[in-house]
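To start, the structure under review is shown below, and the notes come after it.
The values are calculated or read from the model by the stated rules, or taken from the named source; none is laboratory data. Predicted, not measured: the structure shown is a model, and the values here were computed from it. In this analysis, Cβ positions are derived from the backbone assuming ideal geometry, glycine residues included, and neighbour counts consider all displayed protein chains.
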């Protein structure tokens with residue numbers, strides 16, 4: 001029997017009220033979503049937890065439609081609940097708005113912030129003053145997209 005080329009790790013820390021999700025390898029998006037919600041169902045009131053999604057070793061691909069499907073399932077699970085949660089996404093995708101907290105249109109109770117460092121993401125999630133925590137971090141190194149032109153700077 002061949003081993004799958006992916007793994008899925010889900011950890012919930014009730015003391016810190018943080019859930020860590022870590023997909024590793026080439027996991028199909030539909031399986032990622034199923035595992036995410038199966039695992040979330042094992043936690044009492046998962047919407048009361050802040051969440052860290054660590055995508056640094058994820059080789060799969062999540063399209064906009066996949067994010068929309070995840071948001072729709074989360075909305076259905078949290079319908080009628082009054083809550084506020086913070087979500088840190090850790091990855092190396094230069095297209096993400098790193099360290100810019102924003103509300104997702106489909107998830108109005110979530111504040112999302114992108115990081116390239118796991119410890120910074122966890123620090124932000126557990127900080128009493130999240131804005132102050134971000135202000136104390138080292139300045140971002142903005143990555144420019146390569147348009148193929150040669151530049152001398």
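The figures follow:
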{"read-out": "Hits in segment 37-70 - residues which are in a helix (DSSP H, G or I) and either within 24 Å of residue 134 (Cβ to Cβ) or at pLDDT 95 or above (or both)", "value": "37, 38, 39, 40, 46, 47, 48, 67"}
{"read-out": "The lone exception for residue 93 - which of (1) under 27 Å from residue 28 (Cβ atoms); (2) at pLDDT below 90; (3) not in a loop (DSSP other than H, G, I, E, B) it fails", "value": "(3)"}
{"read-out": "Among (1) modelled with pLDDT of 90 or more; (2) part of a loop (DSSP other than H, G, I, E, B), the one test that residue 120 misses", "value": "(2)"}
